Amino acid sequence: MRSRRYDTDVLAIGLTGSAGSGRRRRGQREVPKIEAERGLVVEDSSGRFCGAVVGYEKGAVLLEDRDGKRRVFPLRAAAFLLDGKPVTLVPPVPAKPASPPGPARTASGSVAAPASQRARAKVARASRIYVEGKHDAELVEQIWGDDLRDVGVVVEYLEGIDDLPAIVASFDPGPGRRLGVLVDHLVAGSKETRIAASVRSPHVLVVGHPFIDIWAAVRPSAVGIRTWPDVPHGQPWKEGVLRALGWPPEVPAAWQRILRSVASYADLEPELLGRVEALIDFVTMPGSE
């Protein structure tokens, strides 16, 4: 049931000249129109309700807040706030008819191996990939897991780059035993950069992604936000992001929410895609077991 208090929107009237008139007064800025895609987080114009788009009714949108409470709002001009600024929500453009089915693809965009081939157990290669950070490793598994299993490459979790020299020494890399390592962003002159340089060899490739945190490697649009917030220097980044977005201050739950929003490589920034693909190519080069 719709709430009557949204039948006349003061903000919409001020921007259009009169309720439902569709005209703007001279000199007033046009309010941007935003497609109300599922997952987009907005507030009503009064700032009393904030929630994500979860559905539609005729001429209205259904929002759900963090506590699971749902409310219906008419799709009127300037009836919502996005990042604190008035916007007009419009229904998303219907998807174009599906093209004839092509070859099945993995989440990374690679052509998937036939089902019969995927069902067969594969002997793991001697070569390995290590990924620093729990969230980083989970994201790599989500997008490249099928590809890596298909080529027999095992991904190991690297708790911290300080452990890398001992891991490399124990692994004993060689021509048929390559090691690829993905670490957090490397800053020139830092201790982490010196450690990475100390273990590199023709058989060891260490690359760092450029993001302050792996969360930022996920495209904001995939999560339903316009951009990742700027967090003041010296403050914990993840906690600062949650405060700025108005999300519950629970990092594990927030990460699961972000991870669920990642369906394919298209939801990730190209800077991460290139680095992971380079590691996979490195450990699967001809002659690498």
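Here are the numbers for the structure shown:
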| read-out | value |
| --- | --- |
| Residue list for segment 46-92, filter: aliphatic (A, V, I, L, M) and touching a Ser or Thr at 6+ places or on another chain (Cβ under 7 Å) | Ala77, Ala78, Ala79, Leu81 |
| Extreme residue, least open to solvent (accessible area, probe 1.4 Å), among residues of segment 109-159 that are modelled with pLDDT of 90 or more and basic (Lys, Arg) | Arg128 |
| 3 or more residues touching a strand residue (DSSP E or B) at 6+ places or on another chain (Cβ under 9 Å), open to solvent by less than 30 Å² (accessible area, probe 1.4 Å) and not β-branched (Val, Ile, Thr): qualifying helices (runs of 4 or more DSSP H) within segment 170-258 | none |
| For Arg200: the one exception among (1) among the charged types (D, E, K, R); (2) under 23 Å from Leu40 (Cα atoms); (3) free of Cβ contacts under 8 Å to residues at least 40 places away in the same chain | (2) |
| Filter result for Lys85 (basic (Lys, Arg), open to solvent by 40 Å² or more (accessible area, probe 1.4 Å), farther than 29 Å from Pro229 by Cβ and modelled with pLDDT of 70 or more) | no |
| Search result, residues across segment 265-289 that are open to solvent by 30 Å² or more (accessible area, probe 1.4 Å) and in a loop (DSSP other than H, G, I, E, B) | Glu269, Thr284, Met285, Pro286, Gly287, Glu289 |
| Residue within segment 94-108 that is surrounded by 10 or more Cβ atoms within 10 Å (Cβ to Cβ), among the polar types (S, T, N, Q) and either within 20 Å of Arg219 (Cβ to Cβ) or modelled with pLDDT under 70 (or both) present | yes |
| Cβ-Cβ under 7 Å pairs, at least 6 apart or on other chains, segment 243-259 side without any contact (Cβ under 8 Å) to a residue 12 or more places away in the chain, far side of a type in the set (A, V, I, L, M) and surrounded by 16 or more Cβ atoms within 10 Å (Cβ to Cβ) | Pro249/Leu242 |
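The values are calculated or read from the model by the stated rules, or taken from the named source; none is laboratory data. These numbers were taken from a predicted model, which means no experiment stands behind them. Don't worry about glycine lacking a Cβ; one is built from the backbone with ideal geometry, like all the others, and counts go over all protein chains shown. Ligands, DNA and RNA are excluded from the accessible area calculation, which covers all protein heavy atoms including side chains. Shrake-Rupley method; radii C 1.70, N 1.55, O 1.52, S 1.80 Å.
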